[in-house]
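One structure is given below, encoded as structure tokens.
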Amino acid sequence: MTTEQMRDGQKYDVIVVGGGAAGLNGALMLGRSRRSVAVIDAGAPRNAPAEGVHGLLGREGMPPAELLELGRAEVRRYGGAIFDGEVVAASRDDTGFVVTLADGGTMHARRLLITTGVVDRLPDVPGLREQWGRGVVHCPYCHGWEIRDQAIGILATGPMSAHSAQLFRQLSDDIVYFTHTTDLPADQAAELAARGIRVVEGTVTAIETADDHITGVRLSDGTLVPRASLAVGPYAVARGEFLTDLGLPLAQHFSGAGEHIPADPFGRSEVPGIWLAGNVTEPFAQVGASAAAGAMAGAQINADLVAEEVRTAVATRESFSALAESEVAELVGGESRHGL
Ligand SMILES: Cc1cc2nc3c(=O)[nH]c(=O)nc-3n(C[C@H](O)[C@H](O)[C@H](O)COP(=O)(O)OP(=O)(O)OC[C@H]3O[C@@H](n4cnc5c(N)ncnc54)[C@H](O)[C@@H]3O)c2cc1C
């Protein structure tokens, strides 16, 4: 039976929850290790609104959906199964884990690789969400080149926003920093001023657009500050609520930029048998870093399974040896009793 044919009632070596860059690269490593692997994917990668993936060697500018389609084909080439669906619960059973899907189906695996990414919580400003990933951006490395030399606004959301403004300043001379609802410390104000970044105080009430392009930032006093694009730092929350009962609650990321599920550099979580990769554990990981983390976790899971199989093989061999020895002893004893 190929893994494509397995689902309910079948046990996989590994279930990968989430089929973005991290999950697919993890599944690729596992498929190439001749592991039965199933990817369950809800189909909402973080960068879906973006027109292209940037900063990715060999695939620079490729549309996100196209990149994932290539990845899915590569996983299938090595026998990996990919299911569209959403995991809503996970629990342990005698030999591993059971995951429950939103459609009520269940699947079993010896190990779990969680690569569910994050949800970006955005400031509640009218017009902002509609432009997310296009006119409203968050990452100078993902979209900075595309908006170079434009009139860029920075909508402050916290202590990292001044740093973000300085990064975008590398790409344009025309940066306006909107304090919005935040306080701007004096040292950061001095740094912004030193690099020619204008600070505008006051609450932002709307992002104005025309023909689906940003035209300006509206303030509560009615002022419109003309801008062509806006940078904002989202609060990134790991998609992993279904892991809480297994002992993996969300934790604050050290940066303050969101909530993640911690893992070691190899992807190992605090719960044996569960591994994590990509944005779910590191919200700053870009596509290349997420894919690399998935590949690392996939290789580590295979090594963990091999270690388990070695232990089982040794135990089986020893019990056979013990059995054979006792049978020989019985035979020898029987022969001597019969005077042979
Ligand atoms: C607007 C925007 C533009 C970006 N542009 C770039 C760029 O140009 N270059 C770059 O390198 N990075 C970019 N990034 C960052 C990039 O999106 C991430 O690095 C990357 O998506 C992380 O990959 P991942 O596999 O960890 O998560 P994701 O790509 O988010 O994939 C997670 C997958 O898991 C699925 N999932 C979630 N929960 C469940 C569940 N319970 N059951 C089943 N499936 C589930 C989701 O639907 C999704 O398909 C951008 C981010 C944003 C927000």
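The values are calculated or read from the model by the stated rules, or taken from the named source; none is laboratory data. Quick caveat: nothing in here was measured; it's all calculated off a predicted structure. Neighbour counts run over all protein chains shown; Cβ positions are idealised from the backbone, glycine included. The protein model used for the area step is the full one, side chains on, heavy atoms only, and it has no ligands, DNA or RNA in it. Shrake-Rupley method; radii C 1.70, N 1.55, O 1.52, S 1.80 Å.
Please specify each residue of the stretch 8-30 satisfying the condition of being small (Gly, Ala, Ser) and either near the ligand (Cβ under 10 Å from one of its atoms) or crowded, with 24+ Cβ neighbours inside 10 Å (or both).
18, 19, 20, 21, 22, 23, 26, 27
Scan the stretch 261-304 for residues that are within 24 Å of residue 245 (Cβ to Cβ), in contact (Cβ under 8 Å) with a residue 40 or more places away in the chain and of a type in the set (A, V, I, L, M) and report the count.
Counting residues in the stretch 261-304 that are within 24 Å of residue 245 (Cβ to Cβ), in contact (Cβ under 8 Å) with a residue 40 or more places away in the chain and of a type in the set (A, V, I, L, M) gives 7.
Would you mind telling me which numbered condition in (1) within 12 Å of the ligand (Cβ to nearest atom); (2) part of a loop (DSSP other than H, G, I, E, B); (3) more than 23 Å from residue 240 (Cα to Cα) residue 34 fails?
The failed condition is (1).
Among (1) in contact (Cβ under 8 Å) with a residue 24 or more places away in the chain; (2) open to solvent by 40 Å² or more (accessible area, probe 1.4 Å); (3) not hydrophobic (A, V, I, L, M, F, W, C), which single condition is residue 252 missing?
(1)
Assuming residue 43 fulfils every condition listed in (1) closer than 20 Å to residue 285 by Cα; (2) crowded, with 22+ Cβ neighbours inside 10 Å; (3) within 9 Å of the ligand (Cβ to nearest atom) apart from one, which condition is it?
Failing condition for residue 43: (2).
Yes/no matrix, rows are residues, columns are (1) closer than 28 Å to residue 13 by Cα; (2) at pLDDT 95 or above; (3) touching a strand residue (DSSP E or B) at 6+ places or on another chain (Cβ under 9 Å):
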{"position": "50", "(1), (2), (3)": "no, yes, yes"}
{"position": "71", "(1), (2), (3)": "yes, yes, no"}
{"position": "75", "(1), (2), (3)": "yes, yes, yes"}
{"position": "81", "(1), (2), (3)": "yes, yes, yes"}
{"position": "124", "(1), (2), (3)": "no, yes, no"}
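Which of the residues spanning the stretch 112-143 are more than 22 Å from the chain's Cα centre (by Cα), small (Gly, Ala, Ser) and within 14 Å of the ligand (Cβ to nearest atom)?
135 - this is the single residue of the stretch 112-143 that is more than 22 Å from the chain's Cα centre (by Cα), small (Gly, Ala, Ser) and within 14 Å of the ligand (Cβ to nearest atom).
Confirm whether residue 244 is more than 12 Å from the ligand (Cβ to nearest atom) and either buried (at least 21 other Cβ atoms within 10 Å of the Cβ) or not assigned by TED's automatic domain parsing to the domain that holds residue 279 (or both).
Judged against the criteria, residue 244 is not a match.
Do we find a residue being in the same structural domain as residue 38 (by TED's automatic domain parsing) and on the phi > 0 side of the Ramachandran plot anywhere in the stretch 104-111?
Taking every residue of the stretch 104-111 in turn, at least one turns out to be in the same structural domain as residue 38 (by TED's automatic domain parsing) and on the phi > 0 side of the Ramachandran plot.
Give all pairs with beta carbons closer than 6 Å in which a residue from the stretch 97-111 that is in a loop (DSSP other than H, G, I, E, B) meets a residue that is at pLDDT below 95; count only pairs at least 6 apart in sequence or on separate chains.
Cβ pairs passing all conditions: 105/8.
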